[in-house]
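Here's the structure we're looking at; comments come further down.
The values are calculated or read from the model by the stated rules, or taken from the named source; none is laboratory data. This is a predicted model, so every value here is computed, not measured. So basically every Cβ, Gly included, is an ideal-geometry build from the backbone, and we count neighbours across all protein chains shown. The area values use the complete protein model at the heavy-atom level, side chains included, leaving out ligands, DNA and RNA. Shrake-Rupley method; radii C 1.70, N 1.55, O 1.52, S 1.80 Å.
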Amino acid sequence: MKIDKLYQYQIPQIIITSWKQNQGERLLPLQSQALTKYGLLDNKSLIISSPTSSGKTFCGEIAAVSKLSRRQKVIYLVPLKAMAEEKYLDFQNKYASLGIKILISTQDHFENDLDLTTGNFDLALVIYEKFNQLLIKNLDILKQVALIIIDELQMLFDETRGPVLELALTKVANYSAVGGKDKPQILGLSAVLQETGIATALGDWLGCQLLVEKTRPVELHQGVLFQGLFHFKKFNTGEEGFEDFLDL
């Protein structure tokens, strides 16, 4: 699928042109599937589990920009302050000049707490703990949010960080059941939820479709270098072999 076709989803041409320069002319297979088969831009909630570098992060960016172009709010959840800082700078560089108000909420950025609580933002990069605190203070912030992206969704199973994320997502998943409007669209991203049973259970709990991709668009050779030979195993096919790597 060509990136140009994203124009039919009301994404501004200036952004599509930028994506073409930085991402290439065509979407990766995973991204095309998310759009055409799983309704990523049709407000369908989705969990994407696929290997690193398969294109799932850009799926999140496409979904976020689609909402922002309609003047709807997006919250992007990440587990670590460093990840929040990295994505904040990336989004600032790409989209702040278009008038999109982007804020970051971590333990190091208390100055943004009021704006976050009152909904004075377009896109918010938030770590799990701050998001849970936000929902304790103002659950009805979910009325204003159209999309919640959860990066590293497998952190639900982390002994220390998982319970906080589970509490927050329980509030989101049950929001419409406690008198709120329809809950926001949910997009969960992970590289390690390849176990179908676990991923299916998560999808059922969050009300999400499940898109699992086990191959990489570019083959990865995993292996070791020993006595001048690189002994490898291919990620996609499992094929094993070796090749000269160093002239000893």
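For R26, what residues show an amide H to amide H distance below 5 Å, using hydrogens built from the backbone and excluding near sequence neighbours?
Counting only residues 5 or more places away or on other chains, the set is I3.
Which length gain, in nm to one decimal place, applies between Y7 and L220 when the Cα-Cα distance is subtracted from 0.36 nm times their residue separation?
Once the chain is fully extended between Y7 and L220, it gains 73.4 nm.
What does the accessible area per residue of the chain come to in Å², with a 1.4 Å probe and no ligands, DNA or RNA counted? Mind showing how you got there, number by number?
On the way: 12500 Å² over 248 residues.
Result: 50 Å² of accessible area for each residue.
Among DSSP beta bridges whose residues both lie in the chain, state the antiparallel percentage, nearest 5.
Working: 12 of 38 bridges.
The antiparallel fraction comes to roughly 30 percent.
In nm, to one decimal, how far is the modelled label at A201 from the one at L167, with both set 7 Å along Cα→Cβ?
That separation, rounded to one decimal, is 2.2 nm.
Compute the semi-axes of the equivalent ellipsoid of the chain, taking the square root of 5 times each eigenvalue of the Cα gyration tensor, and list them largest first in whole Å.
Working: eigenvalues 219, 95, 70 Å².
One finds semi-axes of 33, 22, 19 Å for the chain.
Just how many % of Cα pairs in segment 1-84 lie over 18 Å apart, if you round to the nearest whole percent? Present the calculation step by step, with values, prior to reporting the outcome.
On the way: 1487 of 3486 pairs.
Beyond 18 Å sits 43 percent of the P(r) for segment 1-84.
Heavy atoms only, probe 1.4 Å: what % of the accessible area of segment 1-73 goes to carbon and sulfur, would you let me know? Display every interim value, and only then the final one.
On the way: 1530 of 3490 Å².
The C+S portion of the solvent-accessible surface of segment 1-73 is 44 percent.
For the pair K234 and N43, what calculated FRET efficiency results from E = 1/(1 + (r/R0)^6), where r is the Cβ-Cβ distance and R0 = 41 Å, to the nearest 0.05?
Working: r = 38 Å, r/R0 = 0.92.
Calculated transfer efficiency: 0.60.
For all pairs of alpha-carbon atoms in segment 41-152, what percent lies in each bin of width 5 Å, listed from the first bin to the last filled one?
2, 12, 24, 26, 21, 11, 3, 0
Extension gain T117-E129, at 0.36 nm per residue separation less the Cα-Cα distance, in nm? Could you put the intermediate results ahead of the total?
Values: separation 12, 0.36 × 12 = 4.32 nm, distance 1.39 nm.
In short, 2.9 nm is gained.
Per DSSP H run of at least 4 residues, take -39500 (n - 2.57); add these up for the chain, divide by its residues and hand me the 222 nm value, nearest 500 deg cm²/dmol. Mind dumping the intermediate values first?
Working: 8 runs with 87 residues, N = 248.
Only helices count here, giving -10500 deg cm²/dmol.
So, R0 is 22 Å and r is the distance between the beta-carbons of I14 and K81; what FRET efficiency does that work out to, to 0.05?
Working: r = 31 Å, r/R0 = 1.41.
Efficiency for this residue pair is about 0.10.
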